[in-house]
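Okay, structure first, notes after.
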Amino acid sequence: MKLFEKTHIGAMKLKNRIVMGPMGTTGEADGSYCTEGIRYFEERAKGGTGLIITGANVVTTKYEPRPCTELSNFHHVERLNMLIERCHHYGSKVCVQVSPGLGRQQFTDPFTPPFAASECTSFWFPDLKCKPLSKDDIAYIVDKVGFSASLAKAAGADAVELHAYGGYLLDQFHSTMWNFRTDEYGGELKNRMRFTLECIESIRKYCGAKFPVLVKFTPYHGVKGGRELVEGLEMAKILAEAGVDALHVDVGCYEAWYKAISTVYGAEEHQLNVVAEVKKVVSVPVLGQGKLFDPEKAEQAVAAGKTDYVVLGHQMLADPHWVNKVKVGNTMDIVPCIGCNECLFAGFSGKHYYCAVNPLCYAENDYQLPPVDGTDRSVLVIGGGPGGMSAAIAAAKRGFNVELWEKASRLGGNLWPAGLPSFKKDVLRLISYMERQVIKLGVTVKLSTEATAEKVLSGNFDNVILATGSRPLLPPIEGIEHAASANDYLTGDKLAQTEVVVIGGGLVGCEAALHLQETASKVTIIEMLPGILMTADHSLNNDQALRDLIAEKEIAIECEAKVTKITNESVTFTRNGEEKTIYCDTVAIAAGYLPNNQLEIELDDKVNLTVIGDAEAPRKILTAIHEGYHTIRVM
């Protein structure tokens, strides 16, 4: 396979063409890497990754607070060296990403105007106007970039990558969208790139001509007023002429964050066309990314010459052993990334990384499953959704005798309505993966089996896990019998006609509307709150992607509207005291969920019972999987 060829980036020899992409990580109070972070990288090296690129290490905190890790002084070297050495033990090379800063993307301080290229608006805090960096400020940062790179080299790094993409500080200088300067750092493209080119020179000055330098940059923003590809290709040529050893291509910016950081709604290989265009105009190696998690498609991308290296980001969180599994042909056991971006959501909420489908992410040591204490201990799992399957898999791995009872004729639970829309197929991959693990581990699965208290008690199980999920809430609206739950339409149990109304503009309602729009002539969302997705607890890039899809498909939205009546041909609602009727032939209800926890009362104090996932309270895939895993882990 081309993916497993040995190659070079400059003087750096690599064992394969698979790269772990840069993703920010939490650290110690002084900005150095924490033990959990070091172990997290080590596990990805153990999994066979050829090159690991760290998340951004800021070179100074003089102009903005530290968002993640820092590499600005001698004392940061020790922990970084530990990280690098442990990755080297497995033959992985480590490229340390150094960052001049976030600029207008600074997200930790809502009170202080951030520094940027010009007096543009702060992204996260629009009431703040940015302060332009002076030429002396730029000179200071340039020197710190070189010094930071020298610290990475001292720590044993095999290369450094300059953080110059995605609407962050250097990219703000690159773009006329944010750079309004009239001095030598503004105006024509080469002037706008001057800061970046000076950073490259500074790295060479501190680290020598042979130390490999990569630059991650954005040749195409994909937003109105942003960079078009023609200019992006000129940037690629300028960077290559500056003597960098490789170009790492990114697409998008925070205004269209989902184009940069993939979501469940995005197509596979969604950045590859831009990567391929960059590769045509430069002779240095090119690194490409953007939902390249399918091994066959990744191989084809390299074989076709569209990219030299395949960069995996969130897929590496879901399964740190992706590379080794692909190498031996064990692709069916790859834990799939489902594009939920709970990892990103956690990081931008001030937490460490969480992965919905991998409870061990960032807890590789602490959350290992211990062998079962004793023999012939039994576990009954009631419910075959994500929480139930997670519990059954963990219990089988520990050595319990496990039975899983599922009322339906298939495993998956509410993952089915979540994954059956054409734009959410990533979730279906999770069902297939978890189902395979359940069978592979020897769990006794009983489908079409409804649990009753009598049946459960007669089994004399040592532990019982109630993972019965949730059911759609049907609100007390006059004529509700003329409607059906959104779940029924998402799973195909009911077929919509042509004029559709979806009651509820939360996450499920919006996804149901998009799904129904594929066959309907008109779809309208009716929402009680002032806007759609106001109750959705998810990452901004997922939110943007979903909103843009709804706008693209011209789905009508009626907000601040209370539905008062449903008939077989219309929906009536009131807003501000006025009544309005929409004529339709299909009404889908997306008003939330209720836990299926009836058995809890019947079994409480009679068995060793734990209630998990939506059976406890309707929440997320992450919650269900993690609760299933940890319930068994601490048992």
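Quick notes
- Subset of region 89-125 that is among the hydroxyl-bearing types (Ser, Thr, Tyr) and in a strand (DSSP E or B) - its residue that is nearest to the chain's Cα centre (by Cα): Ser99
- Qualifying positions in region 558-615 - of a type in the set (S, T, N, Q), in contact with a helix residue (DSSP H, G or I) (Cβ under 7 Å, 6 or more places away or on another chain), closer than 30 Å to His630 by Cα and assigned to a loop (DSSP other than H, G, I, E, B): Asn596, Asn597
- Scanning region 601-618 for residues being crowded, with 16+ Cβ neighbours inside 10 Å and not polar (S, T, N, Q) gives a total of 10.
- Selection status of Gly91, under 23 Å from Thr7 (Cα atoms) and in contact with a helix residue (DSSP H, G or I) (Cβ under 6 Å, 6 or more places away or on another chain): no
- Of the helices (runs of 4 or more DSSP H) contained entirely in region 297-398, those carrying at least 3 residues that are more than 18 Å from the chain's Cα centre (by Cα) and not aromatic (Phe, Trp, Tyr) fall at 322-327, 386-398.
- For region 402-416, the condition of being surrounded by fewer than 24 Cβ atoms within 10 Å (Cβ to Cβ), touching a strand residue (DSSP E or B) at 6+ places or on another chain (Cβ under 6 Å) and hydrophobic (A, V, I, L, M, F, W, C) holds for at least one residue.
- Single residue of Lys455, Lys440 found to be loosely packed, with under 14 Cβ neighbours inside 10 Å, under 32 Å from the mean Cα position of the chain (by Cα) and closer than 22 Å to Ala396 by Cβ: Lys440
- Applying the criterion of being surrounded by 17 or more Cβ atoms within 10 Å (Cβ to Cβ) and of a type in the set (Ser, Thr, Tyr) to the residues of region 91-133, the residue that is farthest from Gly24 (Cα to Cα) is Ser118.
- Positions within region 380-401 being buried (at least 17 other Cβ atoms within 10 Å of the Cβ) and either over 15 Å from Gln437 (Cβ atoms) or out of contact with any helix residue (DSSP H, G or I) (no Cβ under 7 Å at 6 or more places or on another chain) (or both), in sequence order: Leu380, Ile382, Gly383, Gly384, Ala396, Lys397, Phe400, Asn401
- Scan of region 43-75 for residues that are assigned to a helix (DSSP H, G or I) and buried (at least 24 other Cβ atoms within 10 Å of the Cβ), ordered by number: Ala45
- Among all positions in region 288-301, there is no residue which is among the small types (Gly, Ala, Ser) and surrounded by fewer than 19 Cβ atoms within 10 Å (Cβ to Cβ).
Each value in this text was obtained by applying a stated rule to the coordinates, not by laboratory testing. What you see is a predicted model; the values in this text were computed from it and never measured. Cβ sites come from the backbone with ideal geometry, for glycine too, and all protein chains shown count toward neighbours.
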